[in-house]
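Remarks on the structure that follows.
The values are calculated or read from the model by the stated rules, or taken from the named source; none is laboratory data. The model shown is predicted, which means the values in this text are computed figures rather than measured ones. For neighbour counting, all protein chains shown are included, and Cβ atoms are generated from backbone atoms with ideal geometry for every residue, glycine included.
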Amino acid sequence: MPIRILIIDDDPCVLETLGEMLELEGFTTQAFPSTEGVVAALHADPAAIVLSDLRLPGQDGLALLAELQALDPELPVLLMSGHGDIPLATQAMREGAVDFLEKPVAPETLIERLRQAQRHRQWALAHRDAAPQGDAEARLARHLLGDSPAMVKLREQLLVLANADIDTLVYGETGSGKDVLARALHEASPRRDQRFMAINCGAMPESLIESELFGHEAGAFTGASQRRIGKLEAAQGGTLFLDEIESMPLTAQIRLLRVLQERCLERLGGTQPIPIDIRVVAASKADLQVLSDQGQFRHDLYYRLNVASLRLPPLRERGEDILLLFDYYCREAAERFGRPRPALGPAQRQQLLGHPWPGNVRELRNTADRFVLGLVGEGLNLSADAGHDATATTADHERRLEAFECELIRDALASHQGQVGRAAEVLRMSRKTLYRKMKKHGLDKAAFRDGKEPMSQP
């Protein structure tokens with residue numbers, strides 16, 4: 001759908017110049033000398049984005065922004081201003097504007113920002129229109145964000161495979177989102193109302209993986225005091241996701257192959273065949289054909305799984321999606337942490353676009369979390385991420401988030417004199433979840449009942 005640009009400026013020369021330039025670049029524009037008529041135009045046709053001057057007669061840009069946010073929180077609003085209005089424009093971005101452009105605006109910069117905003121709007125409207133109908137394509141778009149050709153093609157492939165109901169192999173680098181892709185495939189398939197089960201073969205001790213997958217009967221081995229239902233059986237009717245399948249021991253591979261061929265399993269220590277109806281989605285960061293040629297992965301299991309395969313592109317191959325994804329994760333983090341969404345400056349945009357993202361989408365999401373929490377400087381700490389081991393970076397990130405979570409809970413309990421119910425409401429989590437997190441952080445509600453906050457532990 002064509003997304004038009006609503007230009008709002010009280011200077012007729014600016015309106016005319018911008019309109020002509022953008023029309024020549026292929027945009028459809030609509031000019032307004034004031035904010036009057038803008039809301040009506042959006043009611044008539046919401047397929048638009050707004051480019052407005054901050055200083056306007058009557059209702060200024062900030063008041064318009066508030067009105068438009070109330071009308072449609074997903075509507076991209078870009079603000080323009082002279083140099084003296086930078087603090088005010090920064091405030092506007094905190095309140096929901098997607099961008100701030102300082103006059104005079106370089107044409108190439110303006111065009112790039114408008115096209116980015118157009119892509120956001122197209123995705124939002126497509127999702128909004130299709131979601132009430134339970135459309136499979138909308139479900140895929142909700143899980144697999146991105147407008148790059150690689151992601152558009154991937155969603156098209158998934159849409160075909162979703163209804164094919166065949167076992168599928170997914171390739172992708174660490175952090176690229178293979179688990180997200182597997183869940184998207186499940187959500188778009190006829191099995192979406194059944195269970196989605198996942199197991200990370202690389203994180204499971206070799207001695208336990210067969211019991212975890214196939215289950216066991218009581219007495220099957222030392223310590224097996226009662227029957228256990230395995231993941232293959234528990235996923236009955238739904239989808240089982242096997243992550244890092246290249247790490248699965250060869251003995252477990254043999255049993256899995258038999259299950260996939262016969263669609264029937266026996267628990268460890270059992271003799272009763274159990275029919276299963278599941279779809280298996282297996283993921284690997286390594287080339288399974290190469291591993292099978294080297295004798296590290298069974299040929300027959302590889303060919304059994306490779307009925308259909310998908311490749312999830314690394315983030316460096318889908319640069320068009322970086323800013324869109326970063327904005328999405330910032331919004332998500334701001335809501336999760338109860339903090340305002342900071343404004344992203346031009347230099348930071350360039351850093352995001354120029355970074356190689358060795359940790360892929362996971363690294364981008366961690367960066368967005370740190371950005372919202374104020375744990376990064378002007379440089380976003382991207383060079384530090386690139387030069388450190390991914391495990392160390394993730395561990396440091398998780399420690400910071402844990403500390404911040406502890407402080408949030410501590411503040412909420414102190415504000416409500418240890419009343420867990422009230423604190424849970426403020427933190428937007430269930431009482432059960434809050435109690436679990438309090439236990440994790442060593443917080444006792446009784447310590448907050450006198451209205452005084454206990455000392456933090458080092």
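All but one of (1) surrounded by 15 or more Cβ atoms within 10 Å (Cβ to Cβ); (2) outside any helix (DSSP H, G or I); (3) out of contact with any Asp or Glu (no Cβ under 9 Å at 6 or more places or on another chain) hold for Asp193, so report the exception by its number.
Condition (1) is where Asp193 drops out.
Would you mind telling me which numbered condition in (1) within 27 Å of the chain's Cα centre (by Cα); (2) at pLDDT 90 or above Arg192 fails?
(2)
On the basis of being within 23 Å of Arg341 (Cβ to Cβ) and at pLDDT below 90, does Gly26 make the cut? Outline the logic, then answer.
Details: within 23 Å of Arg341 (Cβ to Cβ): no; at pLDDT below 90: yes.
Spelling it out, it is not the case that Gly26 is within 23 Å of Arg341 (Cβ to Cβ) and at pLDDT below 90.
Quick one: which residue in Ala203, Ala224 is of a type in the set (A, V, I, L, M, F, W, C), surrounded by 12 or more Cβ atoms within 10 Å (Cβ to Cβ) and either free of Cβ contacts under 8 Å to residues at least 24 places away in the same chain or out of contact with any helix residue (DSSP H, G or I) (no Cβ under 6 Å at 6 or more places or on another chain) (or both)?
Result of the check over Ala203, Ala224: Ala224.
Report yes if Gln261 is touching a helix residue (DSSP H, G or I) at 6+ places or on another chain (Cβ under 9 Å) and either hydrophobic (A, V, I, L, M, F, W, C) or at pLDDT 90 or above (or both), otherwise no. Even if it seems obvious, please write down each step before you answer.
Numbers: touching a helix residue (DSSP H, G or I) at 6+ places or on another chain (Cβ under 9 Å): yes; either hydrophobic (A, V, I, L, M, F, W, C) or at pLDDT 90 or above (or both): yes.
So Gln261 passes the test.
Among the residues of region 155-172, is any surrounded by 15 or more Cβ atoms within 10 Å (Cβ to Cβ), under 21 Å from Gln118 (Cα atoms) and at pLDDT 90 or above?
Within region 155-172 (the criterion being surrounded by 15 or more Cβ atoms within 10 Å (Cβ to Cβ), under 21 Å from Gln118 (Cα atoms) and at pLDDT 90 or above), the answer is yes, since at least one residue qualifies.
Test each condition in (1) over 23 Å from the mean Cα position of the chain (by Cα); (2) at pLDDT below 80 for Glu405 and report the one that comes out false.
Glu405 satisfies every listed condition except (1).
Scan region 232-242 and give yes if some residue there is out of contact with any strand residue (DSSP E or B) (no Cβ under 7 Å at 6 or more places or on another chain), closer than 21 Å to Ala162 by Cα, outside any loop (DSSP other than H, G, I, E, B) and aromatic (Phe, Trp, Tyr), otherwise no.
So in region 232-242, the residues out of contact with any strand residue (DSSP E or B) (no Cβ under 7 Å at 6 or more places or on another chain) come out as 236-237.
Filter again for closer than 21 Å to Ala162 by Cα, leaving 236-237.
Narrowing the set further to residues that are outside any loop (DSSP other than H, G, I, E, B) leaves none.
No, region 232-242 contains no residue that is out of contact with any strand residue (DSSP E or B) (no Cβ under 7 Å at 6 or more places or on another chain), closer than 21 Å to Ala162 by Cα, outside any loop (DSSP other than H, G, I, E, B) and aromatic (Phe, Trp, Tyr).
Pick from region 20-33 the residues that are surrounded by fewer than 17 Cβ atoms within 10 Å (Cβ to Cβ) and within 20 Å of Gly61 (Cβ to Cβ): which of them is nearest to the chain's Cα centre (by Cα)? Write out each step before concluding.
The initial filter retains those residues of region 20-33 that are surrounded by fewer than 17 Cβ atoms within 10 Å (Cβ to Cβ), namely 20-21, 23-26, 28, 30-31, 33.
Adding the requirement that they be within 20 Å of Gly61 (Cβ to Cβ) leaves 30-31, 33.
On the way: Gln30: 34, Ala31: 35, Pro33: 39 Å.
The selected residue is Gln30.
So Thr90 clears everything in (1) modelled with pLDDT of 80 or more; (2) not in a strand (DSSP E or B) except one condition, right? Which one?
Thr90 satisfies every listed condition except (1).
In this structure, is Leu310 assigned to a strand (DSSP E or B) and touching a residue at least 40 places away in the same chain (Cβ under 8 Å)? Break it down stepwise before answering.
Details: assigned to a strand (DSSP E or B): yes; touching a residue at least 40 places away in the same chain (Cβ under 8 Å): yes.
Yes.
May I ask you to verify whether Ala446 is farther than 28 Å from Arg370 by Cβ, assigned to a helix (DSSP H, G or I) and not charged (D, E, K, R)?
Numbers: farther than 28 Å from Arg370 by Cβ: yes; assigned to a helix (DSSP H, G or I): yes; not charged (D, E, K, R): yes.
Judged against the criteria, Ala446 is a match.
So, in region 338-372, exactly how many residues are at pLDDT 85 or above, surrounded by fewer than 17 Cβ atoms within 10 Å (Cβ to Cβ) and not in a loop (DSSP other than H, G, I, E, B)?
Here the count works out to 3.
Go through (1) among the aliphatic types (A, V, I, L, M); (2) surrounded by fewer than 17 Cβ atoms within 10 Å (Cβ to Cβ); (3) at pLDDT 85 or above for Leu208 and report which single condition fails.
For Leu208, the exception is condition (3).
Every residue in region 154-179 that is among the aliphatic types (A, V, I, L, M) and in contact (Cβ under 8 Å) with a residue 40 or more places away in the chain, please. Spell out the reasoning first.
Here is the first cut: in region 154-179, the ones among the aliphatic types (A, V, I, L, M) are 154, 158-162, 164, 166, 169-170.
Residues satisfying the conditions are Leu154, Leu158, Leu161, Ala164, Ile166, Leu169, Val170.
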